[in-house]
Structures are given as structure tokens and as C-alpha cells.
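*Asks:* The structure's right below; bear with me while I get my questions together.
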Amino acid sequence: MAGPGRAPYPPLTLTAGVPLGAGFGTQDSTDGLHATNGVTVSGGAPGWATASGATATPIAGVPGLTADNAVDGALQQGGTGRYEVTVINDGGAPTNGSPASPVTATISARPAGVTITGLYGSGWTCNLAPVTAPRAEPASTCYRSDPLAGENGEEPPITVIAAAAANAAATGSETVTVSGGGDAAAPATASAATTILPAAPAVPASPSPDPAVLAVTSSHAGGWRQGDAADAYTLRLSSARAAGPVAGAVVVADTLPPGLTPVAMSGAGWTCSLAPATLPSTATRRPPPDTFVPQPSCQRPDPLAPGAAYPPITLRVAVADNAQPAVANAVTASGGGAPEAASGSDPTAIGQLPLLAVAGYPSASGTPYAPFTRGHGTDTIALTVANDGYAATSGPVTVTAALPAGLTPVAVSGTSGWTCQVATATCTTRPGVRLAAGQRDQLTVRVTVAAGAPPSAQVLLTTAGGGQVPAAAIDENNDYSTVANGGEYTVPAYIALAR
């Protein structure tokens, strides 16, 4: 405006520039965080310079949901297939993560004759049937309320399992519609074109062959005795003549009775192990694997004609010293297409042997376990010899008390049937005398104790002979102890000496 008496000012020109692609309440297509507004001022007077300025204006982004939808190959009439749907946010802001407006994916169309039978995805809540609570949702819908990052953020995929009817159309499309999460735009859809192949031609059923029938046996030879190291069972597996052939892997497993331990197992063409066995399931036998007790077993995959037999299996076992007189071996066979397992039993007689034991304790002045006195009269060592086996001894039994320095034998005696020698502190059963199973005999060794004897002494008790089982143990607790077969073994008897 001009002053009094003056000419009017030249006009001013103000030019405001709005960036390309920007608008009120929208974001710049080149910058999702802000838009830049430019202003230019010119005129006013001749020769005045043109002024300009620019201001960055923040633009709020919004979610923009879309989806990727794909079919996993062609479907087939009468078969099943699957689709995979991925929900994507390509907007400039994350979804709002509100339970009141969750991100929702709905199968809105599918090929004719195709039924949705399964719907799931990590973090999604999916419903095959329409629901009313907690939200009203149509059929085949998945939704979630957590925020989804913008600029191509993706939710975990949704797997859609579809079943095609026998008369399903040859082609069609499965369509998914996504919405919610604060996306104000119209719901977005994505389709997956689907090819549905004709049903496979029916294969005429062929008559089922007769199943295999297994037979298994266990046998042994010779006289077995306690203490044997490698007695042998022979296991044989055959196929019944009037049944079908054996096809597929077969397993032969042996269950030994108490007192028998597997040592080795082998057979031509067989793969054998003494480890716990896992047997094939059959209609009658589904045992769990035994992870504690070894079960000898062998297996092989080759077929076997009806009426034929595989090469035999040899199972060598050790017989324990306490094996019972009569035991029975059990063997089973399964697999090979046989619906039922086969089993066999082998009664086995075990020859019994004697089992010798010896123990001793000091007895001073007639008092059991009383300490001896140095340089004072005589004291007694009481011995017990026992046959803890299941058979009488088969030869002479000798018991010797090896005395330490300071103890001198003066008398050695035993119950009837024993002959004793003082000089060696030894007793031996008389010819023809046998210690019956369970028999216990008492022996006595009287000694003098020198004045210079040590404060304590150990008397070693030795037994030998009798044909006992080959086992040994030290009697440290005055329990009856076994000794070596045909050899010697010492058992300590501890004696304390009083001053």
C-alpha cells in the first residue's frame, strides 16, 4: 500500500510449490518421513531481488496390506493339496496391533469342488467354520493382533489344506482377502490359479498272497555243568511249507534263563548282536526294547521260500556257579511278512557242583572273638567249612590255617571225617568222605601265643579240592566264601592280641 501522495508499490508475487506426489495427510512417494514445501517471493520494486525458502513438513504414513498367494503344485481329483498365503504390509507405517481391528485373512473364494480342510500359521488364530465369539468371523478365516512393520513387512505364512472332490472342476482360483490393522483402504485380494488334474485310474485289486508262517526251534547237546564257559544252543528258523514266502527282514531273539549269560552269537548270513534288541511289531508281539538286560538277537533281510530254512545260529553261553538244576531257553522269531511271531523252548539240565566256603574267628579262654594274650597258655581258632553248592564234593577237601609268626599250633582237630596234621595246621577229609550240599563242619586249631607276638595277626585259611565250581571271593565279613576249583584260595581271619 502506498503512503499519502505517493504512487502505489509494485505488486508482490508469492509462489508456493507443493512437491510432486504429496498431498494433505499423505506421504511423499520419494520420502516416507516428510514433504518439503517451497516458497518464492518476487516484485515490490524494480530491481528487488527474488527471495525463496523451503520448509520440511512431516507426513504421517498409513498401513497398506496386500498378500502373496500361491498353490503348491496342481491338485488332483479325489486328492489333497495346499496353498500358502503371506500377508504383507507395503505401507509406510506398521499396523496398529489393536485387538479391535486385527489383521484378517479370509479365503473368500476357491475352485468349484475344492473344500478347505485345514488352516494354520504361526501366531495366527484360524477358524474353518464361522464363529461369533470373541469376534464374528466368517468361515476359513485367520486373524492376529500384533503390529506388522511397514515397508514390506511380512507375517508368518498361513498354510491352507484343500481337498478336491472326485468331480472338482479342471481349473479355478483360490482367493484370499486381507484387511484390518488400521489399513483404511479397501480390502486387498490375491488369487492363486489352480489346475486340478483328473483322478488317477483305479488299479484293480490283486488277490493277496498267503502270508508267511515262521517256525523257530532251540536245541543243545552234551552235559552242561555249573561253571561252563561256552556251552552252545543251536537256533533254527524255517518257513511253513503250506504258507507264503518270507519277505522282508526277520529277527531271531533269544531269552536266556537266569544263570546263563550270552558269550557269542553267529550264523552264516546272519547279523548278530548281544545288545538289547528292538523287535518288529506283529499282531501278537510288540515288546518294548530292553535297555538293561542284553538280549542276543540276529537278523537278515533275504527272502525264504515256503518249506525252506535259513542257516542255523549258534549261541554260546556261560553257566553261572549258582545256575539251577533245570532251566529252559526261550527263542522267538518275527518279521518277514509273518502276521504272528513264532516261539520255541528248550529245557536244559544243568549239572550241579559243590561250592566250598571257609570262615574263622579267634576264641580266647572259650569266649568267641575274645583277643589272645601274649605268653599266656593256649588259645583257639574256630573254623567252619561249608558246602554251599547243590552237589556233594567229589574228592578230598583240604583246609589249611597259615599261622603268622608268634602263633604256634599245638593241636588241630575236626568233626568225624577229617584227618588233621598239627605241624602244618592242616585237615583233610578221609577217603570216601563227601561234604553233602549244605553241610557245615567245624575244625579247631589250638595255638600258643609267644610273648613277643605282634599286637595283631592274620591267619590265612586255605581250602582246596572237592571238585567245587571255579569261583573265588575273600571272606572279609566272616561270611562263607567260595574258593578256586582244583587250586587254593586264602581267607583271612583277624586276631587281636592283648598285652
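*Asks:* Criterion first (in contact with a His (Cβ under 9 Å, 6 or more places away or on another chain), in contact (Cβ under 8 Å) with a residue 24 or more places away in the chain and either hydrophobic (A, V, I, L, M, F, W, C) or over 30 Å from Pro454 (Cβ atoms) (or both)) does Asn329 satisfy it?
*Replies:* So Asn329 passes the test.
*Asks:* Residue by residue through region 172-199, note down the ones that are open to solvent by 70 Å² or more (accessible area, probe 1.4 Å) and in a loop (DSSP other than H, G, I, E, B).
*Replies:* Ala184, Ala186, Pro187, Pro198
*Asks:* Identify the residue in region 78-94 that is part of a loop (DSSP other than H, G, I, E, B) and surrounded by fewer than 18 Cβ atoms within 10 Å (Cβ to Cβ) and, among all such residues, is farthest from the chain's Cα centre (by Cα).
*Replies:* Once the filter is applied, the top-ranked residue is Asp90.
Yes or no, residue by residue, for (1) crowded, with 18+ Cβ neighbours inside 10 Å; (2) in a loop (DSSP other than H, G, I, E, B):
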residue	(1), (2)
Gly395	no, yes
Val399	yes, no
Ala405	no, yes
Gly432	no, yes
Ala437	no, yes
Gln442	no, no
Thr448	no, no
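*Asks:* Looking at (1) out of contact with any Pro (no Cβ under 7 Å at 6 or more places or on another chain); (2) open to solvent by 30 Å² or more (accessible area, probe 1.4 Å), which is the one condition that is false for Cys142?
*Replies:* (2)
*Asks:* Can you tell me which of (1) assigned to a loop (DSSP other than H, G, I, E, B); (2) open to solvent by less than 70 Å² (accessible area, probe 1.4 Å); (3) modelled with pLDDT under 90 is the one Pro362 doesn't meet?
*Replies:* Evaluating Pro362 over (1) assigned to a loop (DSSP other than H, G, I, E, B); (2) open to solvent by less than 70 Å² (accessible area, probe 1.4 Å); (3) modelled with pLDDT under 90 leaves (1) as the failure.
*Asks:* Moving on to the next point. What's the total number of residues in region 466-478 that are modelled with pLDDT of 50 or more and open to solvent by less than 20 Å² (accessible area, probe 1.4 Å)?
*Replies:* The qualifying residues number 3.
*Asks:* Output the residues belonging to region 205-251 that are touching a residue at least 40 places away in the same chain (Cβ under 8 Å) and either loosely packed, with under 13 Cβ neighbours inside 10 Å or touching a helix residue (DSSP H, G or I) at 6+ places or on another chain (Cβ under 8 Å) (or both). So that I can check it myself, show each step before the final result.
*Replies:* Kept after step one, since they are touching a residue at least 40 places away in the same chain (Cβ under 8 Å), are these residues of region 205-251: 211-220, 223-251.
Passing the criteria: Gly223, Ala229, Ala230, Arg241, Ala242.
The values are calculated or read from the model by the stated rules, or taken from the named source; none is laboratory data. Treat the numbers as computed from the prediction; the structure is a model and nothing was measured. Reconstructed Cβ throughout: ideal geometry from the backbone, glycine too, with neighbour counts over all protein chains shown. Surface areas here come from the heavy atoms of the whole protein model, side chains and all, with no ligands, DNA or RNA. Shrake-Rupley method; radii C 1.70, N 1.55, O 1.52, S 1.80 Å.
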